[in-house]
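Below: the structure, in structure tokens.
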Amino acid sequence: MRKLFTKVSGLCALGSMALAGAGQAMAADPQPWHYHLPEPVSPLARQMIEFHDLWLMPVITIITVFVLLLLLYVCFRFRESANPVPSRTTHNAVLEVLWTGVPVLILVVLAFPSLKLLYATDAVEDSDMTIKIVGHQWYWEYQYPDHGNFYIDARVAARTTEEAQEQGVKRLMSTDEKIVFPADTKIRLQFTSADVLHNWSLSDFGVRLDTVPGRLNEAWTLIEKPGTYYGFCSELCGIDHAFMPIEITVVPKEEFEAWAAQAKEEYDPVEEAALPVSEALAVSSTPAVQ
């Protein structure tokens, strides 16, 4: 039975990718008829898609077909013309046990692969490097503590079609600064916020995590394919929520080291970054030492 589900899910996935076209291979860039999940470029993203295709889709499909057939049967079997005198039955012990027990069993079965995946998302140990991401209203700040402790602020590059055509970038997707990650490197990603809740979401990497003021959340990624990848803030964070995209350029390790050495000289150290609102208020309210 599992082999059958695997084949059906695989055919569905192949059909979806065929409609999406080849343009999705190296970026989360919207394409015509693109409705399937993006191609995974990290082990974690691959596990997520396998969980979706091999577990969730078969279960959801069976439940949907069963409910549809049940509705059709009820509409036909208990229609008014066939039942001039309606039944007054109000309880059925067997049915009540089944419609309570079967969903519980389904959730128990799904819990095993789900918890395995959940724990895998927290496996940040043995990371090769750390990148800290700070959400602001309304842009992203990236800190590189292992490569000179500099930071880069990345804002939306083009809000209008005219601006995008003039700059040769993607509207509402490209950023004004180049953010670079190394390929084939386990990266510990740390998240926090300077003001309100944001969410750093990049499906290709299998990462979608809230940035919370006063809290440090962690995730990890290991990107296998160099390229340019796009994501967005996925938490309603204010008036410009739609204008804080994520654009990540992934390069081989050697190129990243060369870029980091140059960026260390070009960008300011983290000590000069804007303080979060809570820290700024604390500093301003501290009396000066005479």
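The values are calculated or read from the model by the stated rules, or taken from the named source; none is laboratory data. Just so it is clear, the model here is predicted, and its values are computed rather than measured. When we count neighbours, we look across all protein chains shown, and the Cβ atoms used for this are built from the backbone with ideal geometry, even at glycine. Areas reflect the complete protein model, heavy atoms only, side chains present, ligands, DNA and RNA absent. Shrake-Rupley method; radii C 1.70, N 1.55, O 1.52, S 1.80 Å.
Structure data summary
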{"read-out": "Residue that is modelled with the highest pLDDT [pool: residues in the range 252-287 that are surrounded by 14 or more Cβ atoms within 10 Å (Cβ to Cβ) and among the β-branched types (Val, Ile, Thr)]", "value": "VAL270"}
{"read-out": "Breaking point among (1) out of contact with any Ser or Thr (no Cβ under 9 Å at 6 or more places or on another chain); (2) assigned to a strand (DSSP E or B), for ALA260", "value": "(2)"}
{"read-out": "Residue list for the range 180-205, filter: over 18 Å from the mean Cα position of the chain (by Cα) and either under 11 Å from THR221 (Cα atoms) or of a type in the set (Val, Ile, Thr) (or both)", "value": "VAL180, PRO182, ALA183, ASP184, THR185, VAL196"}
{"read-out": "Filter result for SER81 (at pLDDT below 90, open to solvent by less than 50 Å² (accessible area, probe 1.4 Å) and among the hydroxyl-bearing types (Ser, Thr, Tyr))", "value": "no"}
{"read-out": "Yes/no for GLU235 being open to solvent by 20 Å² or more (accessible area, probe 1.4 Å), touching an Asp or Glu at 6+ places or on another chain (Cβ under 8 Å), in a loop (DSSP other than H, G, I, E, B) and not hydrophobic (A, V, I, L, M, F, W, C)", "value": "yes"}
{"read-out": "Hits in the range 177-232 - residues which are in a strand (DSSP E or B), open to solvent by 40 Å² or more (accessible area, probe 1.4 Å) and hydrophobic (A, V, I, L, M, F, W, C)", "value": "LEU209, LEU222, PHE232"}
